[in-house]
1. Want the number for MET236 to ALA476: 0.36 nm per residue separation, take away the alpha-carbon distance, what's left?
2. Can you give the percent of C-alpha pairs in the stretch 184-320 whose distance is more than 26 Å?
3. With only Lys, Arg, Asp and Glu charged, each at its Cβ (+1 for the first two, -1 for the last two), find how big the charge dipole of the chain is about the Cα centre; round to the nearest 20 debye.
4. Residue by residue, what Karplus-based ³J(HN,Hα) values in Hz, rounded to whole numbers, does the stretch 121-133 have, using 6.51, -1.76 and 1.60 with θ = phi - 60° and x for Gly and Pro?
5. So, in Å, what gap is there between the alpha-carbon centers of the stretch 317-355 and the stretch 211-274?
6. Please list, short to long, the whole-number percent of alpha-carbon pairs of the stretch 107-173 in consecutive 5 angstrom bins beginning at zero.
7. Of the beta bridges DSSP finds with both residues in the chain, what % are antiparallel, to the nearest 5?
8. As a check on your grasp of the helix formula, calculate [θ] at 222 nm for the chain: sum -39500 (n - 2.57) over DSSP H runs of n ≥ 4, divide by the residue count, round to the nearest 500.
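None of the figures in this text is laboratory data; all of them are computed from the coordinates on show. These numbers were taken from a predicted model, which means no experiment stands behind them. As a convention, Cβ positions derive from the backbone with ideal geometry for all residues, glycine included, and neighbour counts pool all protein chains shown.
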Amino acid sequence: MKPQLIGGEWVTSPTTAPNINPSDTTDVIAEFAQADASQASDAVAAASDAFAAWSRGSIQRRSEILDAVGSELVARAPELGRLLAREEGKTLPEGVGEATRAGQVFKFFAGEALRISGESQRSVRPGVDVSVTREPLGVVALITPWNFPLAIPAWKAAAALACGNTVVLKPAELTPACAWALADIIQRAGAPAGVFNLVSGPGSVVGAALVEDARVGGVSFTGSTTTGARVGQACMARNARVQLEMGGKNPLVVLDDADLDLAVECAVNGAFYSTGQRCTASSRLIVTEAIHDRFVAALAERLRALVVGHALEDGVHIGPVVDQRQLDIDRAYIEIGEREGARLLTGGDLVSRPTAGHFLSPALFVDVDNSMRIAREEIFGPVAAVIRVRNFDEALAVANDTPYGLSAGICTGSLKHATAFRQEARAGMVMVNLPTAGVDPHVPFGGQKASSYGPREQGRYAAEFYTTVKTAYAFAG
Ligand code: NAD
């Protein structure tokens, strides 16, 4: 049984839950202790106790601990990537890539720990000096989803710790193993007791307890828009700082002058890799008339050639859907799309493999209208909708006609249209001739509208969330 990490101790809980491999539901990775509200409270108490020493301690030591975490993550990326692929269902190369990225993120923030800066100014009053310094929030709760089970905990924890906060991490129920491995690494890298705590368990119990705890100064949440709204309201009710990263319905625009092969690759990668289970997935493919039929034919051919199967098998392009519940949602949306009058050109079938996994072939809808539910609601599976438009202006209008605003992409050879799209797309991230998914670790990540709330994550912008500024005045006499 894998325990919680509270105050530097590995602590068991009265109940456990199995962590099941979505590629083979007979494969139980481990039993994970399930915290309750009182263990969540213990973790917050431990983080509170550790805060003064951590926040005032040596930033050199802080940096070294983060660097050591990063080094171990990178060194163990093949093994951790395998664990990730086994518990979440990403393919092995995707899992190894994510584990490597988690390590790189820690190394970036090892540097940032030394660079937290302020400013010194003269006052408008003679003889008075003014300084503006960045201070940590205190205890921060990190609540994370299952689809990036290592990278998201890593990019939140590394930034929080670099800024001098202490942390309680509550990972998604479906993917506790990567979070557990991260906690073990942080602990062994020398983080003092209570600086980093891990409590696994149900969101409605453990997550809610953290969000409502008055000792928690900030909550960084990534997950669904519905849960995010609840977390946001609870934080605002008690004036806690909150950062919400939520869903997406990201457009990839393909214009007549696009490089066809490049556009197809952007669509395959953006919409279907990681089984479409990415907040940045290109679930709407908005295609102008002259290239539409060629694009759709080439994309459908590529999709039919993709191998769906066990995430750890060589040659598999698309792993399983994460669990039965998500598979039911994906299939329900496929039915909804057909009922709404869209045409399912390929995929959307259950795939039988030697192991009992949740395998679904990549589904491509054509003849989609942007008002249909499959074009408006986040599905979070290997399902994409092609929307035919007349020209760039209509493509841009359709791209922006969504409640979400995380990522937006365009494939075009026209500098004019690429520039206009970059300027006019209502999204936090814009991709030109690149998939909507796939971002760098050292620059801001986040969206607009229903996709995000609060400051950006990652890069040096992360400090906007994990610190608060203090303005100090001094009169030397
Ligand atoms: P989810 O909202 O179901 O769960 C997210 C986390 O919130 C989990 O740890 C869960 O246990 C916890 N939680 C649930 N109820 C809670 C409550 N009442 N109080 C506090 N915490 C609670 O999301 P999910 O299914 O794990 O993840 C998929 C979603 O995440 C998708 O919508 C996806 O778009 C989104 N996502 C967004 C980003 C981004 O950066 N914008 C990145 C990855 C995933």
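1. Net length gain for the segment: 82.5 nm.
2. Tail fraction, whole percent: 51.
3. Rounded to the nearest 20 debye, it is 1380 debye.
4. 9, 8, 7, 6, 9, x, x, 9, 9, 10, 10, 10, 10
5. 22 Å
6. Pair shares across the bins are 4, 16, 19, 16, 14, 9, 8, 6, 4, 3, 1, 0.
7. Percentage antiparallel, nearest 5: 45.
8. My calculation for the chain gives -12000 deg cm²/dmol from helical runs alone.
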